[in-house]
Amino acid sequence: MSLLRKLTAALAPQPKAALDRHLAMAVLLLETARADFERSPAELQLIREQLGRAFQLDAAQTEALLARASESAGAAVSLHEFVSALNAELDADGKRELLGWLWQVALADGRIEPREEGLIRQLAELLFVPHADFVRTRLAAGG
């Protein structure tokens, strides 16, 4: 290999590691809880239960995932990287299940705020979830 190729290869940007599906889902759940500018204890408890149950995590692992998710969300410019990871990882059923979780989080404090609904609607579109499924998952969650 020539010196020029070696230098070019050494200076080339390294490929970004694939984003963890669990982390991406946790970020979207936290962002839904935060969409109305407050994360209620009921919303956070529900997120803990959802993640722990779905991914078979103990309390410490769940808290570590939430800490990573909160840090990742705070550092992110947009939700694009998280949505892209989920589009690559989840099938239609997985996306519908996630949408149901998002609605449950929005409803955890007893009401769906317009900003929560707007975020969930936007995420549904970015995840290529048909509008009929968007409505069905809302109704199934109790909204």
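The values are calculated or read from the model by the stated rules, or taken from the named source; none is laboratory data. All values reported here derive from a predicted model rather than from experimental measurement. Cβ: placed from backbone, ideal geometry, glycine included. Neighbour counts: every protein chain shown.
Table for the structure above
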| read-out | value |
| --- | --- |
| Where a residue in the stretch 54-65 is within 15 Å of Leu44 (Cα to Cα) and its partner, wherever it lies, is of a type outside the set (Gly, Ala, Ser), with Cβ under 7 Å and at least six apart | Thr62/Arg48; Thr62/Leu51; Leu65/His22; Leu65/Leu23; Leu65/Leu51; Leu65/Leu57 |
| Flag for Leu79 being more than 16 Å from Arg34 (Cα to Cα) and either at pLDDT below 95 or touching a His at 6+ places or on another chain (Cβ under 7 Å) (or both) | no |
| Selection count where residues are surrounded by 13 or more Cβ atoms within 10 Å (Cβ to Cβ) and either over 14 Å from the mean Cα position of the chain (by Cα) or of a type in the set (S, T, N, Q) (or both), scope the stretch 56-97 | 8 |
